[in-house]
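The values are calculated or read from the model by the stated rules, or taken from the named source; none is laboratory data. In this text the structure is predicted, and so the values were computed from the model without any measurement. Counting neighbours? That spans all protein chains shown, and the Cβs are built from the backbone with ideal geometry, glycine included.
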Amino acid sequence: MVLASLALSAAVAIPGTDSAPAAGGTPMRVLSGWAPYWNPDSGPAGVRAMGSLASSVSPFAYSVTGATSIGLLAKLDRSGQLRTAARALRLPLIPTLIDESGKGTMAAILADPMQRQAHVDRLVQLAVDGNFDGLDLDYEVFAFSDGSATWATTKPLWTQFIIELSTALRARAKMLFVTVPPTYNNSGLRGSGYWVYNLPGIAPYVDRIRIMAYNYSTSTVGPNSPLSWTQKIVDYVAANLPPSKVELGIPLYGRDWITGSTGTCPVGTKVSGKSTIRTSRAIELAKSKNATVERLANGEMRFRYTVPVYAPTSSTTTIAATSSTTTTTEPEITDPAVTDPAATDPATSATSSSVPSTTPTNPPLCTVSHTVYYPDAGSSLQKLQQALDAGLAGVTFFAVGYEEARHYSSLRGPALRVRRAPGTNPIGAWRITSPSGGVVRVSGWALDPETSLPIVVRITVNGRTVSRVLANGERSDIAARYPGNGPFHGASVDLPLSRGRHRICVQALGIGAGRSVRTLACRTLRIAAPPATTTTTTVVI
């Protein structure tokens, strides 16, 4: 039996006052982003620019090619700059893994229980060995390679995989994010989106769902992420998912479309197609072309320009040419949600075009016309407001480092208006009780006022850490009090203790601007009987 301690139970609450818009100029952390491996310098700079608005950072660098085969697409973090930038702001570091296993391979792995378990084990090993706060899975092969005919089979296997991976990661106090293309309804019919990912089914087991709201126009000249489309995605989230677990993935890049030509162009001149152009580069290009930029009702910016093409001469310089083809735009990259090779990154590769090194004396052979669509800070502001109005956690950018100057600072207003718990230090309320022989139950909730993400709670016995738990169990009472923080901040832990006197404390590990560690509850118990088990069991409430 367990003898009475200094009190029948301990419930130390540090909840603050009722929710209100962020006070003291401290905003809610409503931004996150992918930092690609091909962007080793501007990525960390972008993280620093997000500053107090940032909730997490995802290095975009891991490639999955098999059940146990995970490799780096490139050096994860050159000179440690990205990790240093994230840790300086005390942000969760959640690396993104992309599926490059090939058509049907990952589906086959998930269909084999032994291979699926091996994959779970390998992912957990990566999270632990890398000292990451969790993992972000960007497994797009199901959607874009396997074909919709496979989805009915893959959907339950994916769901089971997420459940098993979530269980394993939570046992180590690690978060699980998933990055997916959009779903529009749950009918499973043509036009309903990428329902293979079963968002309602996996939502209880993940800490973030990032929905990629970009690449809207891929074959026809048009916007990358129009407001009407992102609103459709947000409406689905509000009706079908816990919105505080969802981030709207929005672009910091657009498309430079070749829309036609006049005259007779030299053989090999590119007179159709498109290329990807990041926001910062689009703004520079518009200025260099003295183009008129207009803001469209769809939320994006648009401008047009032309490129004259002259007959090659001995004085003609081909800039960054990789073939004999004459192009009049930046090199095209593949889907930015998947890869963006450094060799063709539009911010680092010059236009490959036949351009005279001096002012030409002859008229051009032809003129190639371009139309550019791109998002600016105003576009991001509109989408962030869409997300926050529907109760979403915020937005995540592809990609950090693509932004224009002062891009993130313009998003501060909506973040300040989120109704969240006040302050910046972790808060919570915990009970330490002794329900049965030798086993002590520690239960309650904890959150960091700056974020809707769950935080880690550390439990110590006599000054030694015996358990770390991710406080991500659902607590509707917390969401009612602090709507901006959402409900996923509860946890319960059963601790078997030996005979004797024990001092048990609960400590919350905060992120961002507040204290990194805050003790939320302590209690001294005297255990008279040994525990019936020697296993620590963690459950969420």
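Which members of region 64-85 meet the condition of being at pLDDT 95 or above and either among the small types (G, A, S) or not in a loop (DSSP other than H, G, I, E, B) (or both)? Steps first, answer last, please.
First pass over region 64-85, keeping only residues at pLDDT 95 or above: 64-70.
Passing the criteria: V64, G66, A67, S69, I70.
Contact map, region 202-228: first residue more than 20 Å from V180 (Cβ to Cβ), second residue part of a helix (DSSP H, G or I) and not aliphatic (A, V, I, L, M), Cβ cut-off under 8 Å, separation 6 or more or different chains; pairs are L227/Q382; L227/K383; L227/Q386.
Go through region 393-404 and count every residue that is over 13 Å from the mean Cα position of the chain (by Cα) and crowded, with 24+ Cβ neighbours inside 10 Å. Reasoning before the result, please.
The initial filter retains those residues of region 393-404 that are over 13 Å from the mean Cα position of the chain (by Cα), namely 401-404.
Those still in the list that are crowded, with 24+ Cβ neighbours inside 10 Å too: 401-403.
Number satisfying all stated conditions: 3.
Between residues in region 93-116 that are without any contact (Cβ under 8 Å) to a residue 24 or more places away in the chain and residues that are surrounded by fewer than 16 Cβ atoms within 10 Å (Cβ to Cβ) and outside any loop (DSSP other than H, G, I, E, B), which pairs lie under 7 Å by C-beta distance while being six or more apart or on different chains? Correct list of pairs: empty, since none qualify. Here D133 does not fit the description of being of a type in the set (D, E) and out of contact with any strand residue (DSSP E or B) (no Cβ under 6 Å at 6 or more places or on another chain).
Output the helices (runs of 4 or more DSSP H) that fall wholly within region 102-214 and possess 2 or more residues being acidic (D, E) and within 23 Å of A393 (Cβ to Cβ), or say none.
Working: elements: 105-111, 113-129, 151-170, 199-202.
Correct list: empty, since no element meets the threshold.
Considering only region 281-303, how many residues are in contact with a helix residue (DSSP H, G or I) (Cβ under 9 Å, 6 or more places away or on another chain), surrounded by fewer than 21 Cβ atoms within 10 Å (Cβ to Cβ) and small (G, A, S)? Qualifying residue count for the region: 2.
Inspect region 399-407 for any residue being assigned by TED's automatic domain parsing to the domain that holds V237, assigned to a helix (DSSP H, G or I) and either closer than 30 Å to A508 by Cβ or modelled with pLDDT of 95 or more (or both) and give the result as yes or no. Within region 399-407, none of the residues are assigned by TED's automatic domain parsing to the domain that holds V237, assigned to a helix (DSSP H, G or I) and either closer than 30 Å to A508 by Cβ or modelled with pLDDT of 95 or more (or both).
Of the residues L365, L381, the single one that is touching a Cys at 6+ places or on another chain (Cβ under 7 Å) and either surrounded by 14 or more Cβ atoms within 10 Å (Cβ to Cβ) or modelled with pLDDT under 95 (or both) is L365. Any residue in region 7-27 that is modelled with pLDDT of 85 or more and at negative phi? Among the residues of region 7-27, at least one is modelled with pLDDT of 85 or more and at negative phi, which makes the answer yes. Does region 429-436 contain at least one residue that is in contact with a Pro (Cβ under 9 Å, 6 or more places away or on another chain), under 19 Å from P487 (Cα atoms) and at pLDDT 95 or above? Checked against the condition, which is being in contact with a Pro (Cβ under 9 Å, 6 or more places away or on another chain), under 19 Å from P487 (Cα atoms) and at pLDDT 95 or above, region 429-436 yields at least one hit. Restricted to region 164-184, and to residues there that are aliphatic (A, V, I, L, M) and in contact with a Gly (Cβ under 7 Å, 6 or more places away or on another chain), the residue that is nearest to G490 (Cα to Cα) is M175.
Rundown of residues vs (1) among the charged types (D, E, K, R); (2) in contact (Cβ under 8 Å) with a residue 60 or more places away in the chain, yes/no style:
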position: E404; (1), (2): yes, yes
position: T433; (1), (2): no, yes
position: L453; (1), (2): no, yes
position: T460; (1), (2): no, no
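Applying the criterion of being of a type in the set (A, V, I, L, M) and exposed (fewer than 15 other Cβ atoms within 10 Å of the Cβ) to the residues of region 164-193, the residue that is nearest to the chain's Cα centre (by Cα) is A171.
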